[in-house]
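Here the structure comes first, spelled out in structure tokens, and everything after it is commentary.
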Amino acid sequence: MANQHFLPSILQDQALYLGGGGRIPPYRVPRPYQPWLLDRGSLTRRLIQASAGDFAVKLLRQGHQRATDHEREALQLEQRSWPFLREVALLCQRQPWVFARTVIPTETLQGPARALTRLGSKPLGAVLFNHPHVRRGPIAVYRLNAARVSREFAGQGIIWGRQSVFYLYDKPLLVSEYFLHACPMYSHPVSGSD
């Protein structure tokens with residue numbers, strides 16, 4: 001019985017969970033939030049459904065900028081690298097429900113992937129979940145103060161978010177999605193036992 005693990009099965013699924021480093025394990029995510037935070041499908045599709053089609057992407061900023069230490073670590077970037085960053089608000093019913101930040105290493109932006117720098121107000125999810133050469137890495141879940149990730153939404157206080165490294169033609173890009181308080185994810189009461 002060498003190397004046998006006695007952890008809940010959800011923790012053994014490396015396609016789902018990344019532990020440590022401030023990440024919240026799936027069994028500690030409140031039950032009403034799990035469909036939003038642990039869903040491996042397209043968040044764009046979920047938001048369009050939840051808003052009855054009243055969905056838009058508002059581009060906040062994009063360009064080559066410095067990544068955070070955490071982002072550089074997730075993408076194994078050198079300190080002096082300047083990846084392409086894109087920040088958007090995902091609006092539903094004209095309200096920001098999600099703040100999303102994408103970090104794309106320069107090496108990833110070769111060939112057809114260069115089109116990712118010209119998405120404008122198009123959702124990244126429409127590209128990632130419809131491309132035959134994309135795969136998603138594990139999901140990491142966080143609970144944090146919004147001020148740590150966005151100036152625009154700093155007043156939101158404590159929010160939940162998730163991150164995944166996607167691989168386009170086996171080249172990485174990091175997608176972080178932070179759920180703002182207008183998102184219906186928060187409309188379900190959370191008890192201490194959830």
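The values are calculated or read from the model by the stated rules, or taken from the named source; none is laboratory data. Since the structure is predicted, the reported quantities are computational estimates derived from the model, not experimental observations. For neighbour counting, all protein chains shown are included, and Cβ atoms are generated from backbone atoms with ideal geometry for every residue, glycine included. For the accessible areas, the whole protein counts, side chains as well, though only heavy atoms, and no ligand, DNA or RNA atoms are used. Shrake-Rupley method; radii C 1.70, N 1.55, O 1.52, S 1.80 Å.
With respect to being in contact with a Ser or Thr (Cβ under 8 Å, 6 or more places away or on another chain), surrounded by fewer than 17 Cβ atoms within 10 Å (Cβ to Cβ), outside any strand (DSSP E or B) and of a type outside the set (Val, Ile, Thr), ALA126 fits the description. Annotation: of all residues in the stretch 97-122 being of a type outside the set (Lys, Arg), over 16 Å from HIS64 (Cβ atoms) and not in a helix (DSSP H, G or I), the one that is most open to solvent (accessible area, probe 1.4 Å) is SER121. Being within 22 Å of LEU38 (Cβ to Cβ) and either touching a residue at least 12 places away in the same chain (Cβ under 8 Å) or loosely packed, with under 15 Cβ neighbours inside 10 Å (or both): is that true of LEU85 here? It is false that LEU85 is within 22 Å of LEU38 (Cβ to Cβ) and either touching a residue at least 12 places away in the same chain (Cβ under 8 Å) or loosely packed, with under 15 Cβ neighbours inside 10 Å (or both). Number of residues in the stretch 67-80 that are open to solvent by less than 30 Å² (accessible area, probe 1.4 Å) and over 16 Å from SER164 (Cα atoms): the value is 0. Of all residues in the stretch 21-53, those satisfying the criterion of being open to solvent by less than 20 Å² (accessible area, probe 1.4 Å), part of a loop (DSSP other than H, G, I, E, B) and out of contact with any Cys (no Cβ under 8 Å at 6 or more places or on another chain) are PRO25, VAL29, PRO30, SER42. When we screen GLY137, GLY63, GLY111, GLY120 for residues that are out of contact with any Gly (no Cβ under 9 Å at 6 or more places or on another chain) and under 13 Å from PHE166 (Cβ atoms), the only hit is GLY137. For the stretch 68-91, filtered to residues that are small (Gly, Ala, Ser) and under 15 Å from the mean Cα position of the chain (by Cα), the residue that is modelled with the lowest pLDDT is ALA74.
Within the stretch 54-68, the set of residues being outside any strand (DSSP E or B), over 16 Å from ALA100 (Cβ atoms) and either free of Cβ contacts under 8 Å to residues at least 24 places away in the same chain or touching a Phe, Trp or Tyr at 6+ places or on another chain (Cβ under 6 Å) (or both) comprises ARG66 only.
Residue count for the stretch 138-185 satisfying the condition of being over 23 Å from GLU107 (Cβ atoms) and either touching a His at 6+ places or on another chain (Cβ under 6 Å) or free of Cβ contacts under 8 Å to residues at least 12 places away in the same chain (or both): 6. Just the residues that are of a type outside the set (A, V, I, L, M, F, W, C), in contact with a helix residue (DSSP H, G or I) (Cβ under 9 Å, 6 or more places away or on another chain) and free of Cβ contacts under 8 Å to residues at least 24 places away in the same chain, please, taken from the stretch 122-137. Selection gives nothing.
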